[in-house]
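Reading through the structure tokens given below for one structure.
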Amino acid sequence: MAWPGLAAEANGCRLATTGTAAIRDTGPVPVTPTARYVGMRSCAPQLVQERLFNGMHVHIGIPDREAGVEVLNRIRGWLPALVALSANSPMWDGYGHCHIVGGVIV
């Protein structure tokens, strides 16, 4: 299996990850059409329009503690990259911002 970045480049694209949108569109921000997010848009429309945040998490089933330790040992070398991918962008709406991005203690 090819790395996703190589597949993207082969198709004239580049992959980039960010916790916040560095540049936003001028149109309305789309929200997930569930009661929770539609309610957020109703209660705090300016917040929804101005603050574009993304999130993703993955749940993985581990059969036992021994396997869990083995998995954690194998991903240890990837932790700096995983933390970097989860950080918020230092850019907001095309400009640098002064929001402090908290560090992670590993």
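The values are calculated or read from the model by the stated rules, or taken from the named source; none is laboratory data. Just so it is clear, the structure is predicted and the values come from calculations on it, not from any experiment. Note that each Cβ is placed from the backbone with ideal geometry, even for glycine, and that neighbours are counted across all protein chains shown. Accessible surface areas use protein heavy atoms only, side chains included; no ligands, DNA or RNA. Shrake-Rupley method; radii C 1.70, N 1.55, O 1.52, S 1.80 Å.
Quick notes on this one:
- Close Cβ contacts (under 7 Å, 6 or more residues apart or on different chains) running from residues in the stretch 39-66 that are of a type in the set (D, E, K, R) and modelled with pLDDT of 85 or more to residues that are surrounded by 10 or more Cβ atoms within 10 Å (Cβ to Cβ) and not in a loop (DSSP other than H, G, I, E, B) comprise ARG41/VAL48.
- Those residues of the stretch 8-20 which are within 20 Å of LEU82 (Cα to Cα) and modelled with pLDDT of 65 or more, in sequence order: ALA8, ARG14, LEU15, ALA16
- Residues satisfying the stated conditions in the stretch 59-79, i.e. among the hydrophobic types (A, V, I, L, M, F, W, C), in a helix (DSSP H, G or I) and open to solvent by less than 80 Å² (accessible area, probe 1.4 Å): ALA67, VAL71, ILE75, LEU79
- Taking every residue in the stretch 3-22 that is of a type in the set (Ser, Thr, Tyr) and surrounded by 11 or more Cβ atoms within 10 Å (Cβ to Cβ) and pairing it with any residue that is modelled with pLDDT under 70 and assigned to a loop (DSSP other than H, G, I, E, B), at least 6 positions away or on another chain, the pairs with Cβ-Cβ distances below 7 Å are THR18/SER89; THR20/LEU52; THR20/ASN88; THR20/SER89.
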